[in-house]
2 protein chains.
Amino acid sequence: MDETDDAAHGRRPGEIAIDLPATTDAGVHFIGRIRTPWADRDACPKNPAGSDAACTIELDARYEAGLADLDTCTYVIVLYWMDRAPRNLVVQTPRSHGRPRGVFALRSPARPNPIALSVARLERIEGKQVVVRGLDCVDGTPLLDLKPYFPSIDSRPDARVGWRETAESDDCGNS
Amino acid sequence: MDETDDAAHGRRPGEIAIDLPATTDAGVHFIGRIRTPWADRDACPKNPAGSDAACTIELDARYEAGLADLDTCTYVIVLYWMDRAPRNLVVQTPRSHGRPRGVFALRSPARPNPIALSVARLERIEGKQVVVRGLDCVDGTPLLDLKPYFPSIDSRPDARVGWRETAESDDCGNS
């Protein structure tokens, strides 16, 4: 474990990096790409609620039959791979918050498995293209999965994130 | 693509299997294990709302510092790896529903990237053990990630899943 501030790796004061295992345990397929208006991370909204722009999920042709019935859903859970972030920072200092916090209390793209999830509003499906609103990722981000959003198991309007209530910023610790 | 009913692989009428790419594009680390009361899939609840049993997420020691601040959250998003399911069925006939549907409209464990997500109620954190309620997976399931649940971006109580409204069963197409 290494608590030093490492400017060469963009590390900020208080952050903790670990040694990850030398090998991974399973492999993921990139099943498509997400087309968004944002060419790099600085251009992205702070979180999925920060933009209502239409984004197009381009599914690889081999998976297209899997879209059947999805058009009956109003919201879709999008899982994608944040391949530009370091994976070894277990404690991080988000740009917009004053102090270091545990990675599992943050929605940062930098995490041991850089799998992001966004709940997006489904606009329409055209062949293997799925048009949604409510994403905040960089153009070209690899897609991992789409799932139907069931309010009975996925919606918890009363949930609280205590650390956020006393923080200065309105993001989710993802920057 | 192969539309035949293949009893040898447990395939049901109407299901469609594809050839997956020969290689994967990125690797995941199993960062812990989920301890639940259910030894095999038949014993599991039909979906996360089907049980209120306490389950213990045992994080590997190297990631423990990442739990800081998570105790201020009331709900946590749990991502895990469903390593016992086939990955090539893009159209599936859930056990409890009469007809085949696209995998991306189902919460089936059988999907190109077998990443499941559950929204669980956080009970307490003891060292590297996280006790939650609201999981439905098999004992020993590999953990991929924990995330704080933010109602502003994650809760959509008005979401609808059209195909489910006319189906006979109350599950989420996960069986």
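The values are calculated or read from the model by the stated rules, or taken from the named source; none is laboratory data. Everything numeric here is computed off the predicted structure, so don't read it as measured data. As a convention, Cβ positions derive from the backbone with ideal geometry for all residues, glycine included, and neighbour counts pool all protein chains shown.
Laid out as a table, the results:
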| item | result |
| --- | --- |
| B:ILE77 being touching a residue at least 40 places away in the same chain (Cβ under 8 Å), outside any helix (DSSP H, G or I) and facing another protein chain (nearest Cβ under 8 Å) | yes |
| Close pairs (6 angstrom Cβ cut-off, 6 or more residues apart or separate chains): over 27 Å from B:PRO21 (Cβ atoms) in the stretch A:28-49, surrounded by fewer than 20 Cβ atoms within 10 Å (Cβ to Cβ) and among the aromatic types (Phe, Trp, Tyr) anywhere | A:CYS44/A:TRP38 |
| All positions within the stretch A:81-105 that are surrounded by fewer than 20 Cβ atoms within 10 Å (Cβ to Cβ), among the small types (Gly, Ala, Ser) and either touching a helix residue (DSSP H, G or I) at 6+ places or on another chain (Cβ under 7 Å) or closer than 20 Å to A:ASP136 by Cα (or both) | A:ALA85, A:SER96 |
| Residue count for the stretch B:26-64, restricted to those that are surrounded by 21 or more Cβ atoms within 10 Å (Cβ to Cβ), modelled with pLDDT of 95 or more and facing chain A (nearest Cβ under 7 Å) | 4 |
| Residue count for the stretch B:110-136, restricted to those that are assigned to a loop (DSSP other than H, G, I, E, B) and in contact with a helix residue (DSSP H, G or I) (Cβ under 8 Å, 6 or more places away or on another chain) | 8 |
| The lone exception for B:SER175 - which of (1) of a type outside the set (Phe, Trp, Tyr); (2) buried (at least 16 other Cβ atoms within 10 Å of the Cβ); (3) modelled with pLDDT of 95 or more it fails | (3) |
| Residue check for B:VAL119: touching a Gly at 6+ places or on another chain (Cβ under 7 Å), at pLDDT 95 or above and closer than 25 Å to A:LEU143 by Cβ | yes |
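This table checks each residue for (1) under 18 Å from the mean Cα position of the chain (by Cα); (2) among the hydrophobic types (A, V, I, L, M, F, W, C).
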residue: A:PRO112; (1), (2): yes, no
residue: A:ILE115; (1), (2): yes, yes
residue: A:ARG124; (1), (2): no, no
residue: A:CYS137; (1), (2): yes, yes
residue: A:THR141; (1), (2): yes, no
residue: A:LEU146; (1), (2): yes, yes
residue: A:GLY162; (1), (2): no, no
